[in-house]
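To start, the structure itself, in structure tokens.
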Amino acid sequence: MGKWHDEIDEAASILSRSKKVAVMSGAGVSAESGIPTFRDAGGLWDRMDPLEAGTTGGLFAQLEQNAEKLKPLLIELLDAFEASDPNPGHLALAELEKMGILKTVITQNFDNLHREAGNTNVIEVHGNVFRARCLSCDQTEIIGRKPFIKEIRKKLESITILDFSAITSLASICKKCSSVMRPDVVMFGEQVQEMPEAFLAAQNCDAMLVLGTSGVVYPAAYLPVEAKNAGASIIVINPKENAFGSVTDVYIPMKTGEALPAVLKH
Ligand code: OAD
Ligand code: ZN
């Protein structure tokens, strides 16, 4: 019998009784794919001020003041995204969908890994970095992870200082209207995406798996509370306690890449 056997067993029994399970995931789910989280030690917001780097205005100000710091950071992030693949946690969720139990994955991650693992109904409330959105006509274009990274790396290598004009040269051009496109991710202060769909999924699920998120960024952090209020059981998997303690029915203090395959086995 492994660690947290009772909790894993309890989670498995809730899921096997459920017909409509929803997932609410955060950066922790991709940690085992080599993508750093935001708020853990060494994470992006541990190294940079989110007000400086997490808003569009702040990021542009950083480009003026700290351009030489941003290029190595960007390359480091590109390396992490390039080397990443769906981990056993992502794959277990794809399996749970194939079993007919999991209906919706709501994620705050913009790394595309839930889709690459095989989940088909993925609501990306903070967008997807491998999708471009036209600043002028709103047209979106899916670029794909490896081609996107290859293209950006090539452009980056030809740039010495990553200032404002250099960063605009990294942008792709809209095929429809020839305007500049930007990565379709949600920065602080910007509108989250597909929230009506996310709330509907939370209200209609009979269990919600809350995975690898600290639960401090709103409005996404309302979703587990919404699900609980609508009568769903809340299963939290996270090595550290998160902000959802008061609505949690089962808490498994493990990594998702270890816990989810164990839950499925049960
Ligand atoms: P955080 O960095 O705030 O939290 C990561 C969570 O993952 C923490 O609770 C960790 O304990 C947990 N964790 C770490 N490793 C794990 C593992 N192997 N398995 C399971 N859990 C693990 O990331 P998020 O909650 O996703 O916003 O952050 C929410 C939002 O804040 C992000 O979407 C981003 C950021 O600003 C935008 O991009 C708009
Ligand atoms: Zn356009």
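Could you pull out the GluC sites (Glu not before Pro) across the stretch 183-264 that fall in loop regions by DSSP (anything but H, G, I, E, B) with no more than 16 other Cβ atoms inside 10 Å? List each step's numbers first, then the result.
On the way: sites: E190, E194, E197, E226, E241, E258; in loops: E190, E194, E241.
Taking the stretch 183-264 and a limit of 16 other Cβ atoms within 10 Å, the loop GluC sites (Glu not before Pro) found are E190, E194, E241.
Pick from Q62, Q139, Q203 the residue whose mean-square fluctuation is largest in a GNM of the chain, springs joining Cα atoms under 10 Å.
Q139
Mind checking the angle between helix 5-17 and the chain's longest principal axis? C-alpha axes, 0 to 90 degrees, to the nearest 10.
Value to nearest ten degrees: 90.
Considering only DSSP beta bridges whose two residues both sit in the chain, what percent are antiparallel, to the nearest 5? Write down the numbers at each step before the final one.
On the way: 9 of 30 bridges.
Close to 30 percent.
When a footprinting reagent is the concern and you count Cβ atoms within 10 Å, what order do F130, F188 take, fewest first?
On the way: F130 23, F188 13.
In increasing order of surrounding Cβ atoms, one gets F188, F130.
Could you tell me whether the chain comes out rounded, prolate or oblate from its Cα gyration tensor? Rule is a ≥ b ≥ c as square roots of the eigenvalues, rounded for a/c under 1.5, then prolate if a/b exceeds b/c, otherwise oblate. Mind showing how you got there, number by number?
Working: a/c = 2.01, a/b = 1.83, b/c = 1.10.
Because a/c hits 1.5 or more and a/b exceeds b/c, the chain counts as prolate.
Using alpha carbons only, how many degrees (0 to 90, rounded to 10) separate the axis of helix 88-98 from the longest principal axis of the chain?
60 degrees
List the lysines whose Cα sits under 17 Å from the Cα of K154, skipping any in the same chain fewer than 8 residues away.
K71, K146
Can you spot the aspartates and glutamates whose alpha carbon is less than 19 Å from K175's alpha carbon? Ignore those fewer than 8 places along the same chain.
Straight-line reach from K175, under 19 Å: D138, E141, E151, D184.
So which lysines can K103 reach, going by Cα to Cα under 16 Å and dropping same-chain residues fewer than 8 places off?
K19, K20
What is the Cα centroid distance between the stretch 201-266 and the stretch 69-140, reported in whole angstrom?
Rounded to whole Å, the Cα centres lie 19 Å apart.
Which residues make up the longest stretch of the chain clear of trypsin sites (Lys or Arg not before Pro) that lie in a DSSP loop with no more than 13 other Cβ atoms within 10 Å, not counting the sites? Spell out each step's value before the answer.
Numbers: sites that count: K3, K19, K175, K176, K240.
The reported range is 20-174.
Could you work out [θ]222 nm for the chain from helices alone, using -39500 (n - 2.57) per DSSP H run of at least four and dividing by all its residues? Round to the nearest 500 deg cm²/dmol.
Working: 13 runs with 115 residues, N = 266.
Calculated mean residue ellipticity at 222 nm is -12000 deg cm²/dmol.
Let a ≥ b ≥ c be the square roots of the eigenvalues of the Cα gyration tensor of the stretch 2-131; is it rounded (a/c under 1.5), or, if not, prolate (a/b larger than b/c) or oblate? Display every interim value, and only then the final one.
Working: a/c = 2.53, a/b = 2.17, b/c = 1.17.
Here the stretch 2-131 falls in the prolate category.
For the chain, take the longest principal axis of its alpha carbons; what is the angle in degrees between that and the long axis of helix 56-65, to the nearest 10 within 0 to 90?
Approximately 50 degrees, to the nearest 10.
FYI, it's all coordinate maths here, none of it is from the lab. Quantities reported herein were computed from a predicted structural model and do not represent experimental measurements. Because the Cβ atoms are built from the backbone with ideal geometry, glycine has one as well, and the counts that use them run over all protein chains shown.
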